[in-house]
Amino acid sequence: MEYTADQWVQWLQEDLEAGAWKVITEARESGTAGIFDSAGGMRTDLIGEIALTVGPANVIFEAPTKAAQVWFIKQFGVSVNLGNIPPDEVIPLATLRYGLRGDTLKEVLLGDRAGTPAP
């Protein structure tokens, strides 16, 4: 069952109001539940609503796949809180955060200017 963005936001805010330091968005190891659809696609509208309303600093986004990790880093920056990282992908994730891989090289080196055309 896929829950609506309003339901997600309500539950996450309730947890924060109850004293949670961070809240976690579910994805499972397979990336086929929660913030992902059953086919493994990211529910970007849901994630955007959570980030807008709850704030990415308050959320740990489960990102079990490299594609999801890259997407979150590009959307929310290298300090985005990511969870459900397979143990053998911890070092590759660090290289994404430091811009040592082509997926995030431009965003890390250029920061806010990454989308700006070269002069």
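The values are calculated or read from the model by the stated rules, or taken from the named source; none is laboratory data. Quick caveat: nothing in here was measured; it's all calculated off a predicted structure. Methodologically, a virtual Cβ is constructed for each residue, glycine included, from the backbone with ideal geometry; neighbour enumeration extends over all protein chains shown.
Looking at the range 79-119, which of the residues that are β-branched (Val, Ile, Thr), under 22 Å from residue 51 (Cβ atoms) and part of a loop (DSSP other than H, G, I, E, B) is modelled with the highest pLDDT? The qualifying residue modelled with the highest pLDDT is 80. Within the range 19-37, how many residues are surrounded by fewer than 16 Cβ atoms within 10 Å (Cβ to Cβ) and under 13 Å from residue 3 (Cβ atoms)? Summing the residues that are surrounded by fewer than 16 Cβ atoms within 10 Å (Cβ to Cβ) and under 13 Å from residue 3 (Cβ atoms) in the range 19-37 gives 2. Of all the residues in the range 64-83, those that are under 15 Å from residue 42 (Cα atoms) and among the polar types (S, T, N, Q) number 3. Does the range 42-87 hold any residues that are farther than 15 Å from residue 22 by Cα, over 9 Å from the mean Cα position of the chain (by Cα) and touching a residue at least 40 places away in the same chain (Cβ under 8 Å), and which are they? Passing the criteria: 43, 45, 46, 49, 86. Only a single item in (1) surrounded by fewer than 14 Cβ atoms within 10 Å (Cβ to Cβ); (2) closer than 30 Å to residue 17 by Cβ is not met by residue 90, and it is number (2).
The single condition from (1) surrounded by fewer than 17 Cβ atoms within 10 Å (Cβ to Cβ); (2) part of a helix (DSSP H, G or I) that residue 71 fails is (1). Taking the criterion of being assigned to a helix (DSSP H, G or I) and of a type in the set (Phe, Trp, Tyr), would at least one residue in the range 32-41 satisfy it? Checked against the condition, which is being assigned to a helix (DSSP H, G or I) and of a type in the set (Phe, Trp, Tyr), the range 32-41 yields no hits at all. Assessment of the range 97-105 against the conditions (under 23 Å from residue 7 (Cβ atoms) and surrounded by 12 or more Cβ atoms within 10 Å (Cβ to Cβ)) yields no matching residue.
For the range 1-28, filtering for residues that are farther than 12 Å from residue 68 by Cβ and in a loop (DSSP other than H, G, I, E, B) leaves 10.
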